[in-house]
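Comments concern the structure below.
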Amino acid sequence: MAGPEEFHRIPRLNADPEIHKIEKSWLTWEDSQVDTASLPTTGAEFQDWFLATAEAHTQPEFCAYLADQASLNEIALFFMAEELVDSKFDDLMAMVQIGTAGKTKLTIAENYWDEMGEGDLSRVHTRMFEHSAQYMRKHLDNNGIDYSQLHFAEAYENASLLLMYGIHRHLNPRALGAMGVLEQSASPRFQAMVDGCNRLNVPEDVIDYQRIHVHVDADHGAEWFEGVFVPLVDRSPELLQEIALGVATRVRVANAYYGEIWNQMKELG
C-alpha cells in the first residue's frame, strides 16, 4: 500500500507470464515513443511544461469541427467511441488514490466524490454518461449505421493504457500524470460536444453529462496540479520522470485516437 513515491519498491503482482510478457513489451514500446530529453528534469520546470503540453492537447481543430460542422451521425459515433475509452473513469479514480496521503489523497477523493454525483445516484457520472450513450446508440441504430468499426487499435490503446497504469501500482505515478493531463485538457472538448449537440437540437438531458464537465474538469485540472503534482514532483528526479512519462504517453496515445475517430466520423458525412 506504499505511496507513489515508492513506485520502484512496489512488487509486480501479475502471476500470468504471458500477460506480463505482453504488457512489458507494450510498455517498452510506449516508452520508446517518448522523447525523454524533452521531459522536465526539475519540479520548477514541470509546471510550464505540463501546462504547455496540456494546452497543445486540447484538439482545437477537432473541437471546432464538433461544434460547428459535425452531423448528428458523426457526433453520435464519437459518443460511442468515448464509451469504449472512458466509461469507467470513476473506478480508475478510485484505483489511483491507493497509497497516497495528505493533500494528494484529499484531492483525488474530492474528484471521486464528484464522480459519485456528490451522493446523488442520479448524478453519478457513469450513469449520466450512459444516458447520453443510450440516446446516441439508438440514433445510430435507427439510421442503420454500423458502429462496429469503432473497435480500432487506437481506441483500445487509449482505453487500456490508463487501465494498465491503474492496475499495476508501480505505474501509479504514470497514472497520476495521465489522468492529470486528461482533466486539464478535457473542458474544450466537452464544450464542443455541448455546442454541437445544441446546434443539432439534441435534448438537454442527453448532454447533461457533457455540460457539467465543461466546468468540473477545468476545476479538476487546476486542483490536480496543486494537490497531486505539486506535492510529488520534487520528491525525486525518478518520480518526476515517471509522472512526466504518464503525461507524455497519454497525450501521444489520445492524439492518435482522436485522429482516427475523426477520420471515421468524416466518412459518415
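The rows are residues; the columns are (1) farther than 20 Å from Y257 by Cα; (2) of a type in the set (S, T, N, Q); (3) surrounded by fewer than 17 Cβ atoms within 10 Å (Cβ to Cβ); (4) at pLDDT 95 or above.
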{"residue": "I22", "(1), (2), (3), (4)": "yes, no, yes, no"}
{"residue": "F62", "(1), (2), (3), (4)": "no, no, no, yes"}
{"residue": "Q69", "(1), (2), (3), (4)": "no, yes, yes, yes"}
{"residue": "V85", "(1), (2), (3), (4)": "no, no, no, no"}
{"residue": "A94", "(1), (2), (3), (4)": "yes, no, yes, no"}
{"residue": "D114", "(1), (2), (3), (4)": "yes, no, no, no"}
{"residue": "R123", "(1), (2), (3), (4)": "yes, no, yes, no"}
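Name the one entry in Y165, Y156 that is assigned to a helix (DSSP H, G or I), modelled with pLDDT under 95 and buried (at least 22 other Cβ atoms within 10 Å of the Cβ).
Answer to the selection: Y165.
If you check I98 against the conditions, is it among the β-branched types (V, I, T), within 28 Å of E74 (Cα to Cα) and not in a helix (DSSP H, G or I)? Reasoning before the result, please.
Numbers: among the β-branched types (V, I, T): yes; within 28 Å of E74 (Cα to Cα): no; not in a helix (DSSP H, G or I): yes.
No, not satisfied.
Take the residues in the range 38-51 that are of a type in the set (A, V, I, L, M, F, W, C) and either at pLDDT 95 or above or touching a strand residue (DSSP E or B) at 6+ places or on another chain (Cβ under 7 Å) (or both), then tell me which one is farthest from F229 (Cα to Cα). Walk me through how you get there before you give the answer.
Here is the first cut: in the range 38-51, the ones of a type in the set (A, V, I, L, M, F, W, C) are 39, 44, 46, 49-51.
Checking the rest, the ones that are also either at pLDDT 95 or above or touching a strand residue (DSSP E or B) at 6+ places or on another chain (Cβ under 7 Å) (or both) come to 39, 46, 49-50.
Working: L39: 15, F46: 9, W49: 13, F50: 10 Å.
My answer is L39.
Would a scan of the range 133-148 turn up a residue that is within 15 Å of the chain's Cα centre (by Cα), of a type outside the set (K, R) and either modelled with pLDDT under 90 or buried (at least 21 other Cβ atoms within 10 Å of the Cβ) (or both)? Let's see the steps before the verdict.
First, the residues of the range 133-148 that are within 15 Å of the chain's Cα centre (by Cα): none.
Looking for residues that are within 15 Å of the chain's Cα centre (by Cα), of a type outside the set (K, R) and either modelled with pLDDT under 90 or buried (at least 21 other Cβ atoms within 10 Å of the Cβ) (or both), one finds none in the range 133-148, hence no.
Taking the stated definitions as given, is L72 closer than 30 Å to G196 by Cα and of a type outside the set (K, R)? Give the steps one after another, and end with the answer.
On the way: closer than 30 Å to G196 by Cα: yes; of a type outside the set (K, R): yes.
Yes: the conditions hold for L72.
Would you confirm whether any residue within the range 38-54 is outside any helix (DSSP H, G or I) and either in contact with a Lys or Arg (Cβ under 9 Å, 6 or more places away or on another chain) or crowded, with 16+ Cβ neighbours inside 10 Å (or both)? So that I can check it myself, show each step before the final result.
Keep residues of the range 38-54 that are outside any helix (DSSP H, G or I), which gives 39-42.
Keeping just the survivors that are either in contact with a Lys or Arg (Cβ under 9 Å, 6 or more places away or on another chain) or crowded, with 16+ Cβ neighbours inside 10 Å (or both) gives 39-40.
Checked the range 38-54: at least one residue is outside any helix (DSSP H, G or I) and either in contact with a Lys or Arg (Cβ under 9 Å, 6 or more places away or on another chain) or crowded, with 16+ Cβ neighbours inside 10 Å (or both).
Residue check, M179 against (1) closer than 22 Å to E30 by Cα; (2) more than 17 Å from the chain's Cα centre (by Cα); (3) surrounded by 23 or more Cβ atoms within 10 Å (Cβ to Cβ), all met but one. Which one?
Checking M179 against (1) closer than 22 Å to E30 by Cα; (2) more than 17 Å from the chain's Cα centre (by Cα); (3) surrounded by 23 or more Cβ atoms within 10 Å (Cβ to Cβ), the one that fails is (2).
Could you list all residues from the range 111-124 that are in a helix (DSSP H, G or I), over 14 Å from the mean Cα position of the chain (by Cα) and not aromatic (F, W, Y)?
Listed by number, the residues that qualify are D114, G117, E118, G119, L121, S122, R123.
The values are calculated or read from the model by the stated rules, or taken from the named source; none is laboratory data. The structure presented is a predicted model; accordingly, all values stated were derived computationally and were not measured. So basically every Cβ, Gly included, is an ideal-geometry build from the backbone, and we count neighbours across all protein chains shown.
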